[in-house]
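The values are calculated or read from the model by the stated rules, or taken from the named source; none is laboratory data. The model shown is predicted, which means the values in this text are computed figures rather than measured ones. A quick note on method: Cβ atoms are made from the backbone with ideal geometry, for glycine too, and the neighbour counts reach across all protein chains shown.
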Amino acid sequence: MSKEELVQTLKEEPSKIDLLIYEAIFSDKREVLLPNLKEALKILGFSGKSIYPLYREFSKKFLGFSVPAFNIRGMTYDLARRVFKVAKRLKVGALIFEIAKSEMKYTRQPPLEYATVVLAAGFRENFDGPIFIQGDHFQLNRKAFFTDPFKERKALRKLIREAIASDFYNIDIDASTLVELEKKDLMEQQKYNYEVTAEMTSFIRSIEPENITINLGGEIGEIGGKNSTPEELRAFMKGFEQCFQDSIGISKISVQTGTTHGGMVLPDGRIAEISLDFTILKVLSRIAREEFGLAGAVQHGASTLPENYFYLFPESECVEVHLATGFQNFIYDHPALPQEFKEKIYSYLKTNFKNEWKEGDTEAQFLYKIRKKGFGSFKKEWWDLSPQIKETILEDLEIYLEKLFTALNVVNTLEAVKNFCL
């Protein structure tokens, strides 16, 4: 179908989007249908937006809420629909859908597919706020970079082009993988980080669409490592400002305050409680805002934290909170998910990823860490779960989302966000 035919079809019967997005991903018409559907949704008023104007307001003063950024690895259309449904009911406008560079590979969701699925979900729920789609952890592989920096930079630029063409108008550049903590001087530690971040920021500014300022972030400490310090933040920003010559740079900075991606898993598969340093988070947010004109600090690896922690992010003036593994866990561990289906995935992972089973890890630890890769290999089976099973899971997810939106204080932000970003 042409984009014109798709527009007419969706105008006459919006629910047809359910079948069309499925065909766009799994049928032999994918190469034509997916981009045509993306264009049809744009004509109907559903395209990606930049959250930059809102973050400029954050740079002037903290607005009292922390923006949740959702990494959706599996059941993407269904989960995105439910996020939009709850957001619409609670009048939430401050929310982001994102996917990391690494997630694109193991979930088999390239930029065009992810963006189209999210936009289709927004259309299906008739969400009338701006839809923010973000490239998370657009990073460089440390070993590959120090072996051939030109090749690794070129690969990242290629991904950035592809993402921007798919309406990813929010991108987190992550060169924190290049930080050299073994060096004594902080500027030397952060040198490759701020140089590459400045380079990629300039590249993005040179190719961004007319009348769109892509919202960009940097990162000073790899998540899961040592906690970030004010001195590291200042060193990174000083170096970045020396290297970056354009007028609009990054607008936020990701920091490390004690979390790990996926959480710290115990031998029995449970998640250990961690001590998150909300004090340093607030200090870093204020330095970012008051000294460098950024919107504030960003918290990664938050979705496995206890629910009562989320109320502390707005209190800590954290501008953005990234949420991924918690949603994955919600699906995998929900009693409605058929045990035989889960065991089928686990059996496949134990056979095909046994080389990633770290010495000393129990089976429960191995499966917890690796089961994210079950979304890509079984993508169609996840989509084909019965409506009854999915509805049972998603009804419970609604309750979690309501708590999350309330804790992060983004309820009733829709009109304010629309004023800035539409």
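Of Leu79, Leu19, Leu41, which residue is aliphatic (A, V, I, L, M) and surrounded by fewer than 16 Cβ atoms within 10 Å (Cβ to Cβ)?
Values: Leu79 fails: surrounded by fewer than 16 Cβ atoms within 10 Å (Cβ to Cβ); Leu41 fails: surrounded by fewer than 16 Cβ atoms within 10 Å (Cβ to Cβ).
None of the other options fit; the residue is Leu19.
Which of the helices (runs of 4 or more DSSP H) found entirely inside region 309-422 contain at least 2 residues meeting this: touching a residue at least 60 places away in the same chain (Cβ under 8 Å)?
Numbers: elements: 312-315, 325-332, 339-352, 363-370, 374-377, 379-383, 387-407, 414-421.
Helices (runs of 4 or more DSSP H) meeting the threshold: 312-315, 325-332, 363-370, 374-377, 379-383, 387-407, 414-421.
Would you call Arg81 in the same structural domain as Val117 (by TED's automatic domain parsing), more than 23 Å from Leu404 (Cα to Cα) and either more than 17 Å from the chain's Cα centre (by Cα) or part of a helix (DSSP H, G or I) (or both)?
Working: in the same structural domain as Val117 (by TED's automatic domain parsing): yes; more than 23 Å from Leu404 (Cα to Cα): no; either more than 17 Å from the chain's Cα centre (by Cα) or part of a helix (DSSP H, G or I) (or both): yes.
Here the answer is no, as Arg81 does not meet what is asked.
Only one residue in Thr362, Thr351, Thr392 is over 24 Å from the mean Cα position of the chain (by Cα), outside the structural domain of Ser27 (by TED's automatic domain parsing) and modelled with pLDDT under 95. Which one?
Values: Thr351 fails: modelled with pLDDT under 95; Thr392 fails: modelled with pLDDT under 95.
Just one listed residue meets the conditions, Thr362.
Restricting to region 170-212, name every residue that is assigned to a loop (DSSP other than H, G, I, E, B) and either among the acidic types (Asp, Glu) or in contact with a Ser or Thr (Cβ under 6 Å, 6 or more places away or on another chain) (or both).
Keep residues of region 170-212 that are assigned to a loop (DSSP other than H, G, I, E, B), which gives 175, 179-185, 208-212.
Ala175, Glu180, Glu182, Asp185, Glu208, Glu210, Ile212 - these are the residues of region 170-212 that are assigned to a loop (DSSP other than H, G, I, E, B) and either among the acidic types (Asp, Glu) or in contact with a Ser or Thr (Cβ under 6 Å, 6 or more places away or on another chain) (or both).
Could you say which residue among Lys372, Lys403 is crowded, with 19+ Cβ neighbours inside 10 Å and either within 26 Å of Tyr309 (Cβ to Cβ) or in the same structural domain as Ile21 (by TED's automatic domain parsing) (or both)?
On the way: Lys403 fails: crowded, with 19+ Cβ neighbours inside 10 Å.
One residue alone meets the criteria, Lys372.
Looking at region 123-137, is at least one residue out of contact with any His (no Cβ under 7 Å at 6 or more places or on another chain) and over 28 Å from Ile17 (Cβ atoms)?
Scanning region 123-137, I find at least one residue that is out of contact with any His (no Cβ under 7 Å at 6 or more places or on another chain) and over 28 Å from Ile17 (Cβ atoms), so the answer is yes.
Taking the condition surrounded by 24 or more Cβ atoms within 10 Å (Cβ to Cβ) and in a helix (DSSP H, G or I), does Leu112 pass? Lay out the reasoning, then the answer.
Details: surrounded by 24 or more Cβ atoms within 10 Å (Cβ to Cβ): no; in a helix (DSSP H, G or I): yes.
In short, no.
Yes/no per residue for (1) in contact with a Pro (Cβ under 9 Å, 6 or more places away or on another chain); (2) charged (D, E, K, R); (3) crowded, with 17+ Cβ neighbours inside 10 Å; (4) at pLDDT 95 or above:
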position: Pro14; (1), (2), (3), (4): no, no, no, yes
position: Ser50; (1), (2), (3), (4): yes, no, yes, yes
position: Phe58; (1), (2), (3), (4): no, no, yes, yes
position: Lys61; (1), (2), (3), (4): no, yes, no, yes
position: Pro68; (1), (2), (3), (4): no, no, yes, yes
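Go through region 220-236 residue by residue and tally those that are surrounded by 24 or more Cβ atoms within 10 Å (Cβ to Cβ) and at pLDDT 95 or above. Before you say what the answer is, go through the steps one by one.
Here is the first cut: in region 220-236, the residues surrounded by 24 or more Cβ atoms within 10 Å (Cβ to Cβ) are 220-221, 228, 233, 236.
Restricting the remaining residues to those that are at pLDDT 95 or above gives 233, 236.
Result for region 220-236: 2.
Hey, any hits in region 133-144 for a residue that's free of Cβ contacts under 8 Å to residues at least 60 places away in the same chain and loosely packed, with under 15 Cβ neighbours inside 10 Å?
yes
So the check is Cβ under 9 Å with 6+ separation or different chains; which pairs have a first residue in region 39-64 that's under 29 Å from Leu10 (Cβ atoms) and a second one that's outside any helix (DSSP H, G or I) and modelled with pLDDT under 95?
Ala40/Met1; Ala40/Ser2; Lys49/Leu422
Read through the list (1) out of contact with any helix residue (DSSP H, G or I) (no Cβ under 9 Å at 6 or more places or on another chain); (2) more than 25 Å from Val67 (Cβ to Cβ), then give the number of the only condition that Asp172 fails.
(2)
Residues that are under 27 Å from the mean Cα position of the chain (by Cα) and within 15 Å of Tyr77 (Cα to Cα): which helices (runs of 4 or more DSSP H) entirely in region 1-51 hold 1 or more of them? First the steps, then the outcome.
On the way: elements: 3-12, 17-26, 30-43.
Helices (runs of 4 or more DSSP H) meeting the threshold: 17-26, 30-43.
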